[in-house]
């Protein structure tokens, strides 16, 4: 690295898919640049924004203004803003944020290296219909756990849910080929990754646009032979159209975690129609029954929206009944917000904010009881655990996850005797569960030779 290398400070906001984009942008840095955690000493500051919901947009704006202040107070020469907020608001941001030197939309992150090196800019904004998705030839710099990574299998979404801005922000479905994904996975594993989390906007639709027979089942079976890869986990599976090949691959392939993240959003027929979800409660129940028939031990994560326009107490009661009946392993609950540019934003019968908050708290309270009961069933059992490292809450305790616990969104297992054992992040250990709470577990490491097979 040259002594005069420019220091780059990078802030990545939002979802795992955004993180992958950030890592691909970091891969465009050459020897003239070096990353720094100190924004005050940076020559270049980059903010990769999120704009999926209003709170994410607000966080993005606050972060940009904070970084702009650091730029003004230090020696920073360039502030670059990328991602979903840029795609959403376009060139209007040039006037709103004069402190920013360059804006890159969600389909333009391959231009990052050129913009970074630009000396005499004649154009500040690069925003077009999103068409780009990186391939195996795009260098990617890991910015997260050394033993775990996200693998973005496709980009965009062809659905038109009434509440969602994603098709506007990310464009239409664009799947990567299986050989491309396998090559990138091999590259990640060669760097020490043991766990891959497959992400996209609509994973169920993977391969439909390629028209060559590619689907999730074929992709999973192509990934599992990679030496050194231990776990593969699926996220963001739209409920309609789950291929049988996927369910069989999860059931049959040892490296594929018995885990599906399937956002359902509601259960009331009235709400599902207004949301433009294309499915009924009975249809969702059949989908879930089909999943369980193929994978009896599957852990299912889902998300729901409360307070959508027109949601009555009767609709909410249907949703509560549905969650009580299904007893999901993991549930996230979001309150609806009127997102500009979506069909639902102009719907009548908007629900008061206090009612939304009450319903969210009630639903999460219901799920907490279900989750604790499910966790308590693990007490006394010995399970394999992937160690994530030292806990953020207890510096003398390490934490890990079971195959049915995804990083960042699910609970974890506190390893009670980890401070006297020689383990580190990325190790697999056998742990006997001794305690259970609503979302987290605790246990002790047991010797491999004492585990019954």
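A compact table of results
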read-out	value
Residue in segment 28-38 that is buried (at least 19 other Cβ atoms within 10 Å of the Cβ), in contact (Cβ under 8 Å) with a residue 12 or more places away in the chain, under 30 Å from residue 233 (Cβ atoms) and touching a strand residue (DSSP E or B) at 6+ places or on another chain (Cβ under 7 Å) present	yes
Counted residues, segment 219-245 - those being in contact with a helix residue (DSSP H, G or I) (Cβ under 7 Å, 6 or more places away or on another chain), surrounded by 18 or more Cβ atoms within 10 Å (Cβ to Cβ), outside any loop (DSSP other than H, G, I, E, B) and touching a residue at least 40 places away in the same chain (Cβ under 8 Å)	2
In segment 30-49, residue farthest from residue 77 (Cα to Cα) [restricted to those that are out of contact with any helix residue (DSSP H, G or I) (no Cβ under 9 Å at 6 or more places or on another chain) and outside any helix (DSSP H, G or I)]	31
Residue satisfying condition, being within 21 Å of the chain's Cα centre (by Cα) and more than 21 Å from residue 208 (Cα to Cα), within set 132, 109	109
Condition met for residue 401 (closer than 26 Å to residue 275 by Cα and within 22 Å of the chain's Cα centre (by Cα))	no
Criterion: in a loop (DSSP other than H, G, I, E, B), within 21 Å of residue 238 (Cα to Cα), touching a residue at least 12 places away in the same chain (Cβ under 8 Å) and under 26 Å from the mean Cα position of the chain (by Cα) - qualifying residue of 334, 308, 304	308
Restricting segment 13-29 to residues that are touching a helix residue (DSSP H, G or I) at 6+ places or on another chain (Cβ under 8 Å) and part of a loop (DSSP other than H, G, I, E, B), the residue that is nearest to residue 406 (Cα to Cα)	14
Residue that is closer than 25 Å to residue 155 by Cα and either assigned to a strand (DSSP E or B) or not assigned by TED's automatic domain parsing to the domain that holds residue 10 (or both), where the choices are 103, 52, 112	103
Options 63, 57, 82: the member that is touching a helix residue (DSSP H, G or I) at 6+ places or on another chain (Cβ under 9 Å), closer than 25 Å to residue 150 by Cα and in a helix (DSSP H, G or I)	57
Residue check for residue 328: under 21 Å from residue 257 (Cβ atoms), outside the structural domain of residue 443 (by TED's automatic domain parsing), touching a strand residue (DSSP E or B) at 6+ places or on another chain (Cβ under 8 Å) and not in a strand (DSSP E or B)	yes
Test result for residue 199, within 19 Å of residue 82 (Cβ to Cβ), touching a helix residue (DSSP H, G or I) at 6+ places or on another chain (Cβ under 7 Å) and surrounded by 16 or more Cβ atoms within 10 Å (Cβ to Cβ)	yes
Some residue of segment 189-203 being under 18 Å from the mean Cα position of the chain (by Cα), on the phi < 0 side of the Ramachandran plot and in a helix (DSSP H, G or I)	yes
Qualifying residue in segment 154-166 (condition: on the phi > 0 side of the Ramachandran plot and touching a strand residue (DSSP E or B) at 6+ places or on another chain (Cβ under 7 Å))	yes
Residue 129, sole failed condition from (1) surrounded by fewer than 22 Cβ atoms within 10 Å (Cβ to Cβ); (2) within 30 Å of residue 186 (Cβ to Cβ)	(2)
Among the residues listed as 189, 193, 141, the single one being buried (at least 21 other Cβ atoms within 10 Å of the Cβ) and outside the structural domain of residue 409 (by TED's automatic domain parsing)	193
Elements of type strands (runs of 3 or more DSSP E) in segment 362-453, at least 2 residues being touching a helix residue (DSSP H, G or I) at 6+ places or on another chain (Cβ under 9 Å) and farther than 17 Å from residue 332 by Cβ	382-390, 398-401, 428-436, 441-445
Residue satisfying condition, being within 30 Å of residue 265 (Cβ to Cβ) and outside the structural domain of residue 305 (by TED's automatic domain parsing), within set 360, 412	412
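The values are calculated or read from the model by the stated rules, or taken from the named source; none is laboratory data. Quick caveat, the model's predicted, so the values are computed rather than measured. Neighbour counts are summed over all protein chains in view; Cβ atoms, including those assigned to glycine, are modelled from backbone coordinates with ideal geometry.
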